1. Is at least one residue of the range 119-127 at pLDDT 85 or above, closer than 25 Å to TYR31 by Cβ and open to solvent by 20 Å² or more (accessible area, probe 1.4 Å)?
2. From the list SER80, SER65, exactly one residue is over 18 Å from TYR31 (Cβ atoms), polar (S, T, N, Q) and in contact with a strand residue (DSSP E or B) (Cβ under 9 Å, 6 or more places away or on another chain). Which is it?
3. So which of GLY18, GLY6, GLY46 is closer than 23 Å to TYR126 by Cα and at pLDDT below 75?
Amino acid sequence: MAGVLGALRPYVKPCIAGSLISVTVADRYAYLTPIHGASMNPTFEGKTGEYALVERSCLQRHQFSRGDVVVFTSPRDHRSKVVKRLIGLPGDWIQVPETADIRQIPQGHCWVEGDNGSVSFDSRDYGPMDVWPHKEGPSPD
């Protein structure tokens, strides 16, 4: 048994170190997220195997603007992430597409929509997103 463990040690140690480095990078700097569905078509086609690189460090140094593509936790399923386009910022007035409703985005919220509105579940369905709960700028989740 000791011979087997001794033979595996040169392989196990780098695997553990690599796993710890990967978790740290994904938690602090960037991660890959899969793109599913057609809500962001044609920007993202939602084909199997399509991924987006999500950079976390931009949250501290980037001022978000209308038109930015953002990733956030789904309001329907808190275990999944969704990709949408930022349409309105706090204080903006938005005319809800396909309706005559005009809304003002409250402070600490934003309006997000998919590029393919006919199949997108977005702010038209769940209203303004609370994405600035603790600081200036969207949260990483």
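The values are calculated or read from the model by the stated rules, or taken from the named source; none is laboratory data. Source: prediction; values computed, not measured. In this analysis, Cβ positions are derived from the backbone assuming ideal geometry, glycine residues included, and neighbour counts consider all displayed protein chains. The area values use the complete protein model at the heavy-atom level, side chains included, leaving out ligands, DNA and RNA. Shrake-Rupley method; radii C 1.70, N 1.55, O 1.52, S 1.80 Å.
1. First pass over the range 119-127, keeping only residues at pLDDT 85 or above: 119-127.
In the following step, the residues that additionally are closer than 25 Å to TYR31 by Cβ were identified as 120-123, 126.
From what is left, the residues that are open to solvent by 20 Å² or more (accessible area, probe 1.4 Å) are 121, 126.
Looking for residues that are at pLDDT 85 or above, closer than 25 Å to TYR31 by Cβ and open to solvent by 20 Å² or more (accessible area, probe 1.4 Å), one finds at least one in the range 119-127, hence yes.
2. On the way: SER80 fails: over 18 Å from TYR31 (Cβ atoms).
Exactly one residue qualifies, and that residue is SER65.
3. Details: GLY18 fails: closer than 23 Å to TYR126 by Cα; GLY6 fails: closer than 23 Å to TYR126 by Cα.
Exactly one of GLY18, GLY6, GLY46 is closer than 23 Å to TYR126 by Cα and at pLDDT below 75, namely GLY46.
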